[in-house]
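Step one of this worksheet: look at the structure below.
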Amino acid sequence: METSIIKIGNSRGLRLSKTILEKYHIKDKVELILEKGQIILRPIESPRKNWEEKFKEMANNNDDEPLMNDVFEDENFDEWN
């Protein structure tokens, strides 16, 4: 696929079509990899994005209880003294 380099202010950039952005799940950022005469663009995932909102939503739905106890029946606290 051939595409043009366009002027963006004092810099130049590459315009990617909506189809390409959607197909490769490119959102806000890409990783730029320079390798043996080629440039590779890789989407950057933001796995923790919006976690704060989701945690609040879970708390509002009373869905933030631990899945297991934080103290086990066979735990021996004497060894920590």
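Coordinate-derived values only; no laboratory data. Predicted model only: the values in this text are computed from it and were never measured. Note that each Cβ is placed from the backbone with ideal geometry, even for glycine, and that neighbours are counted across all protein chains shown.
Modelled spin-label separation between Ile8 and Leu34, with each label point placed 7 Å from Cα along the Cα-to-Cβ direction: 1.8 nm. Spin-label model, Glu65 to Met1: label points 7 Å out along the Cα-to-beta-carbon direction sit 4.9 nm apart. Going from the residue with the fewest nearby Cβ atoms within 10 Å to the one with the most, Glu53, Glu79 rank Glu79, Glu53. Using θ = phi - 60° in the Karplus curve 6.51 cos²θ - 1.76 cosθ + 1.60, the 3J(HN,Hα) couplings for the stretch 17-25 round to 6, 4, 4, 5, 4, 5, 4, 9, 6 Hz; x is entered for Gly and Pro. So what's the angle, to the nearest 10 degrees on a 0 to 90 scale, between helix 51-60 and the longest Cα principal axis of the chain? Taking Cα atoms only, the helix is inclined about 40 degrees.
Between Glu79 and Ile44, the modelled label-to-label distance comes to 4.3 nm, taking each label 7 Å out from Cα in the direction of the beta carbon.
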